[in-house]
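Only one structure is covered here, and it is reproduced in the block below.
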Amino acid sequence: MSLPSDIIQLFGTGSVPAIVAGTVLGVFELGERFASQRAKDALSKWLFTFDVQKAKALPDGTQELFERIFGERHFSLKCFVRSAAFSLGAMPFIGILYFLINPKELLHEFSIVASTHGAWAILPLWLLWSTIIDYISLFKTRVVLHVLARLRFGIGSMVLPVAILVIDYLFYSLIFDIGGTATAMIDNYFFYKTWTSYSSFFQDFVELFSAIFFRLVQALYVDAILFWAGFVPSIWMWLYVAALFVTRGLLRSGRIVNWLRWALDVEKAPFRSIGAVAATLAFIASVAIILVSAEVSRISAAS
């Protein structure tokens, strides 16, 4: 088991940024196919509109694409089923990425979970609860998208989206940690016949919530897979927003990158063009996260 794990870690870690970038590009390619011509025209017009005082923070048609995927009404069976399918599909994908980065540690964490009394019996309950958490989180994403679509450029055009991003992350961490702590409490009752006191529940929640700023670079805990799987819709949304502004900046640049205007083909395939920029940003972010995570692990091991 050691030699295969070493081989996977050697080649797997380096392949993660490429896999992430390829997945991002593939999703935006689907967006190119699913989006209506009206949404494509609105996106192209937004990218080429240089009068920032008249432009909205997001192009028209952004919400339309979101609603094509998850449905127009959030509180509907269609939206819930698609949200659950999206979450359950994201879990193995995130798990594979973690496995490629550090198979030894992840297998060790799974062995700990497997040896924990009642852990696998409580897994169906957690998966059910996780889909509910992700459904609530998707509603949050829908609301954030609704707010961003109505913003216009101005003095606070960059400050406000960043503030919304922080609130988005904090709120998701809040509902995730409440759900995780409640599931652990139910686990204790069914297998140890003891109810967790309010003070213990609050203490466990605080310990989880206090680590919110370290989840990107923390050790590969199993619950981290569930955490990031539920936050994927928000990650896609913010990646899309970042790619919009980067692409717009490239189109307004000088002769040095003028060739990008031809390479991106914004007029004919705007979502594919945005996807190329988003894939590049995802690749850079993945490399940075892996390097920082490795440094944090090294410091932790040394101490």
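Among the candidates Val232, Val241, Val266, the residue that is crowded, with 20+ Cβ neighbours inside 10 Å, modelled with pLDDT of 70 or more and not in a helix (DSSP H, G or I) is uniquely Val266. Selection of the range 76-107 for residues being of a type in the set (S, T, N, Q) and either surrounded by fewer than 18 Cβ atoms within 10 Å (Cβ to Cβ) or more than 17 Å from Phe66 (Cβ to Cβ) (or both) yields Ser76, Asn102. Only one of (1) at pLDDT 75 or above; (2) out of contact with any Gly (no Cβ under 8 Å at 6 or more places or on another chain); (3) outside any loop (DSSP other than H, G, I, E, B) fails for Tyr172. Which number is that? Exception for Tyr172: condition (2). Right, Val292: modelled with pLDDT under 85, in a loop (DSSP other than H, G, I, E, B) and among the hydrophobic types (A, V, I, L, M, F, W, C) or not? Spelling it out, it is not the case that Val292 is modelled with pLDDT under 85, in a loop (DSSP other than H, G, I, E, B) and among the hydrophobic types (A, V, I, L, M, F, W, C). Do you know which residues across the range 78-135 are within 21 Å of Ala182 (Cα to Cα), at pLDDT 85 or above and of a type in the set (S, T, N, Q)? Result: Ser87, Thr131. Put simply, of Ile164, Ile178, Ile186 the only residue that is modelled with pLDDT of 80 or more and either over 23 Å from Val241 (Cβ atoms) or outside any helix (DSSP H, G or I) (or both) is Ile178. Just the residues that are part of a loop (DSSP other than H, G, I, E, B), at pLDDT below 80 and either of a type outside the set (Lys, Arg) or in contact with an Asp or Glu (Cβ under 9 Å, 6 or more places away or on another chain) (or both), please, taken from the range 40-74. The answer is Thr49, Phe50, Asp51, Val52, Gln53, Ala55, Ala57, Leu58, Asp60, Gly61.
When Phe227 is tested against the conditions (1) within 30 Å of Trp46 (Cβ to Cβ); (2) at pLDDT 80 or above, the lone failure is (1).
The values are calculated or read from the model by the stated rules, or taken from the named source; none is laboratory data. Keep in mind it's a predicted model, so treat the numbers as computed, not measured. All Cβ positions, glycine included, derive from the backbone under ideal geometry; neighbour counts span all protein chains shown.
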